[in-house]
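Chemist: Below are the structure tokens for one structure; questions will follow.
The values are calculated or read from the model by the stated rules, or taken from the named source; none is laboratory data. For clarity, every value in this text was computed on a predicted model and none was experimentally measured. For neighbour counting, all protein chains shown are included, and Cβ atoms are generated from backbone atoms with ideal geometry for every residue, glycine included. Each accessible area value is taken on the protein alone, full model and side chains, heavy atoms only, with ligands, DNA and RNA left out. Shrake-Rupley method; radii C 1.70, N 1.55, O 1.52, S 1.80 Å.
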Amino acid sequence: LVAVERLDPASTSLFGRCMLTALRAVRPTHSLLRLTPFLAAPTHAPRPEFSRLAPPLSRKLPRFRSRAFTSASVRCMSAGTKRMAPKTIGTHDGSFHCDEALGCFLLHQTEAYADATIVRSRDPEVLSGCDVVIDVGATYDPEKNRFDHHQRGFEEAFGHGFVTKLSSAGLVYKHFGREIVANVLGLDLKDEKVEKIYLKVYKAFIEAVDAVDNGVNMYDTDAPAKYENNTGLSARVGKLNPPWNEPTSPEIYYDQFLKAVAVTGKEFVDATKYYGESWILARDHVVSALDDATKTHKSGEILKLPCYCPWKEHLFELESERGTNPLPKYALYEDDKGQWRIQAIPLTPSAFENRKPLPAAWRGVRDAALDEVTGIEGGIFVHAAGFIGGNKTYEGALAMAAKALEMD
């Protein structure tokens, strides 16, 4: 057993220098990392430059890929053979944000940094020994694996039509995202779905992290917000920082940071799997509905889907690709009870306003009263906001949609 604290870089053996190299990326104010069975705990206070590496994520949270930091992570062999130090991910210490927590998780989903240990520090000497550094250092240089966005003049965007300035999460995703998506979904990197999900996950998940971290408003307006929303991912990560009015320490900050990595990582994996294993499959249903629109109704403005599915975003993309005209106004689909829904198509996938809401006279009316006001049997309801209604049969739902096209 070797106490690394007692090693002098100028006079150690090859074995000693191997240990020093393994611990070159360090975090001040912490005790020595025990590389069991190779190293024993020090018998006296450690010098800062040999303080312990960050604890492995696998001890703190379940991750998509197992990355336990064990004795195998640092291979110490007999004298005269090569020694391999574990890779390290450097980021800043102190208060943390969503972008670097997510960025660390993303790096752990790559082959290059699958077993990397996280080091939190602002010391340039410490960071210089890290294999990759994110959100600190005032340098963006992909060839050197430096991914900061705080420096003057930085305006890097994701590309592909996106203009939001990137945070450290966006930078990591831009350069490693395709590999990450393929790994999370268990796909070959050459699978055509990887590129589509790579772009979709940026739009639906990563871009918001970039925008919040860089202070980009969702709307170009100075009007006061009508309500507060503090439930987003960035807000929830912010609340994981230790309270200002309670005692804290680097160890407490580190433990809370690992919780942030866990929160962001789980949501990233959930989102990626949703888009890669569920959302993408709905596209074929929307393609068929558009192809058969004039068969469903002569106007071409009513779509028939075989079941409920996430159709909105696919519809808007396909309309744009095809130059669809006239634009569909209603979508019909069968629900899980065997009844049929009539849904007004919104102005955008996330809008509350619709291209043509169901008629005002029908809104908030149900059952027999709805049959009477529409003149169509089997009515179940029309929502008070006019964005959705229901009928017991497909024929009834189609009749309601067709009549709604002619009404205000």
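Chemist: Tell me the relative contact order for region 297-406 as a rounded percent, counting alpha carbon contacts under 8 Å between residues six or more apart.
Modeler: 24
Chemist: To continue, here is another question. Full extension from ALA368 to ASN325: what is 0.36 nm times the residue separation minus their Cα-Cα distance, to one decimal in nm?
Modeler: Full extension of this stretch gives 11.9 nm more.
Chemist: May I pose another question? By accessible area of protein heavy atoms, probe 1.4 Å, what ranking do TYR394, TYR219, TYR202, TYR274 get, highest first?
Modeler: In descending accessible area the options line up as TYR219, TYR274, TYR394, TYR202.
Chemist: Also: Please give every one of the aspartates and glutamates within straight-line cross-link reach of LYS200, meaning a C-alpha to C-alpha distance under 14 Å, and leave out same-chain neighbours fewer than 8 residues apart.
Modeler: GLU192, ASP270, GLU277, GLU313, GLU317
Chemist: Next question. Would you kindly derive the ³J(HN,Hα) couplings of region 394-406 from the backbone phi angles with the Karplus curve 6.51 cos²θ - 1.76 cosθ + 1.60 (θ = phi - 60°), listing them in order in whole Hz, with x for Gly and Pro?
Modeler: 4, 4, x, 5, 5, 5, 5, 5, 5, 5, 4, 4, 9
Chemist: For the pair GLU377 and GLU155, what calculated FRET efficiency results from E = 1/(1 + (r/R0)^6), where r is the Cβ-Cβ distance and R0 = 51 Å, to the nearest 0.05?
Modeler: 0.25
Chemist: If you stretched the chain out fully between GLU143 and SER299, how much longer would it get, using 0.36 nm times the residue separation minus the C-alpha to C-alpha distance?
Modeler: Value of the extension gain: 50.6 nm.
Chemist: Cβ under 13 Å from ASP188's Cβ, ASP188 left aside: what net charge do those residues give with Lys, Arg +1 and Asp, Glu -1?
Modeler: -1
Chemist: In addition: So which trypsin sites (Lys or Arg not before Pro) in region 128-210 are both in a DSSP loop and have at most 15 other Cβ atoms within 10 Å of their Cβ?
Modeler: Those satisfying the criteria are ARG152, LYS190.
Chemist: Amide H neighbours of VAL119 under 5 Å, at least 5 residues apart or on other chains, H built in the peptide plane: list them.
Modeler: Amide H neighbours of VAL119: ILE89, GLY90, THR91.
Chemist: If R₀ is 30 angstrom, what is the calculated FRET efficiency for the pair SER128 and SER249, using the beta carbon separation as r and rounding to 0.05?
Modeler: Rounded to the nearest 0.05, the efficiency is 0.75.
Chemist: Positive end of the dipole of region 140-287, charges at C-beta (+1 Lys, Arg; -1 Asp, Glu), about the Cα centre: which of VAL216, SER167, GLY265 has its Cα farthest in that direction?
Modeler: The Cα lying farthest towards the positive end belongs to GLY265.
Chemist: If I stretch the segment between ASP336 and VAL163 completely, what's the gain in nm (0.36 nm per residue apart, minus their alpha carbon distance), one decimal?
Modeler: Fully extending the segment from ASP336 to VAL163 adds 58.3 nm.
Chemist: Right, here's the next one. Could you tell me the center-to-center distance, by alpha carbons, between region 254-320 and region 183-213 in angstrom?
Modeler: Between the Cα centre of region 254-320 and that of region 183-213, the gap is 14 Å.
Chemist: Around PRO357, what is the net charge, scoring Lys/Arg as +1 and Asp/Glu as -1 over all other residues with Cβ under 12 Å from its Cβ?
Modeler: That sum, taken over residues with Cβ under 12 Å, equals +2.
Chemist: Would you mind getting me the FRET efficiency between ASP291 and ARG236? Use the beta-carbon distance for r and R0 = 60 Å, nearest 0.05.
Modeler: 0.90
Chemist: Using θ = phi - 60° and the Karplus form 6.51 cos²θ - 1.76 cosθ + 1.60, what ³J(HN,Hα) does each residue of region 159-176 get, whole Hz, x for Gly and Pro?
Modeler: For region 159-176, the Karplus-derived couplings read x, 6, x, 8, 10, 5, 5, 7, 9, 5, 5, x, 5, 4, 5, 4, 8, 10 Hz, x marking Gly and Pro.
Chemist: Let me ask something additional. Using only protein heavy atoms and a 1.4 Å probe, report how much of THR231 is accessible, in Å² to the nearest 10.
Modeler: That residue has around 100 Å² of solvent-accessible surface.
Chemist: Let me ask something else. Return, ordered by residue number, the residues of region 339-369 whose backbone nitrogen is under 16 Å from a label point located 7 Å along Cα→Cβ of TYR394.
Modeler: 339-343
Chemist: Also, I was wondering about something else. From the C-alpha gyration tensor of region 297-406, pull out the three semi-axes of the equivalent ellipsoid (sqrt of 5λ each), sorted largest to smallest, in whole Å.
Modeler: Rounded to whole Å, the semi-axes are 23, 14, 13.
Chemist: About its Cα centre, how strong a charge dipole does region 297-406 have in debye, to the nearest 20, once Lys and Arg get +1 and Asp and Glu get -1 at the Cβ?
Modeler: Here the size comes out at about 140 debye.
Chemist: Which order do you get for MET400, MET218 if you rank them by accessible area with a 1.4 Å probe, largest at the top?
Modeler: MET218, MET400
Chemist: Keeping to pairs on different chains or 8 or more places apart, tell me how many lysine pairs in region 297-406 have Cα atoms under 20 Å apart.
Modeler: Total qualifying Lys-Lys pairs in region 297-406 comes to 16.
Chemist: Through the Karplus equation 6.51 cos²θ - 1.76 cosθ + 1.60, θ set to phi - 60°, convert the phi angles of region 105-115 into ³J(HN,Hα) values in whole Hz; use x for Gly and Pro.
Modeler: Karplus values, whole Hz, x for Gly and Pro: 4, 4, 4, 5, 8, 9, 5, 5, 10, 4, 10.
Chemist: Tally Lys and Arg at +1 and Asp and Glu at -1 over the other residues with C-beta under 15 Å from the C-beta of GLN339: what net charge comes out?
Modeler: -2
Chemist: Amide H to amide H under 5 Å from TYR140: which residues, 5+ apart in sequence or cross-chain, H placed 1.01 Å off N in plane?
Modeler: Those qualifying (amide H under 5 Å, at least 5 residues apart or on another chain) are ASP148.
Chemist: Might you work out the accessible area of GLU195 for me, using a 1.4 Å probe with all protein chains in place, and round it to the nearest 10 Å²?
Modeler: 70
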